[in-house]
Amino acid sequence: METLIINVPDEKSALIKEILKQFGVSFKKSDSLPKKPSDYVGAIPSKTAKELLKSVVESREKWERDI
């Protein structure tokens, strides 16, 4: 037996479940996937985040300069 994980839009889930049943496939809903960006809030200190953002802004400015 092989296990596959697929993400199905809610509006298509009933159709997909019906097709799977016709093929004799068992399925279950997993609430653990996918993770949202909000699940990671607070993963790094805000001071570090500000420094990283500043670095990104500076890098963009360097790339956008006319040489």
| said: Consider segment 1-42. How many of its residues are modelled with pLDDT of 80 or more and of a type in the set (D, E, K, R)? | reply: 7
| field | Complete set of residues in segment 47-66 that are assigned to a helix (DSSP H, G or I) and either at positive phi or modelled with pLDDT under 85 (or both) | value | Glu64
| said: Could you list, ordered by first residue, the pairs with Cβ atoms under 6 Å in which the first is in segment 3-17 and in contact (Cβ under 8 Å) with a residue 40 or more places away in the chain and the second is open to solvent by 90 Å² or more (accessible area, probe 1.4 Å) and among the small types (Gly, Ala, Ser), at least 6 apart or interchain? | reply: none
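The values are calculated or read from the model by the stated rules, or taken from the named source; none is laboratory data. From a predicted model like this one, the values you see are computed outputs, not experimental measurements. Counting neighbours? That spans all protein chains shown, and the Cβs are built from the backbone with ideal geometry, glycine included. Calculation scope for accessible area: heavy atoms of the full protein, side chains included, ligands and nucleic acids excluded. Shrake-Rupley method; radii C 1.70, N 1.55, O 1.52, S 1.80 Å.
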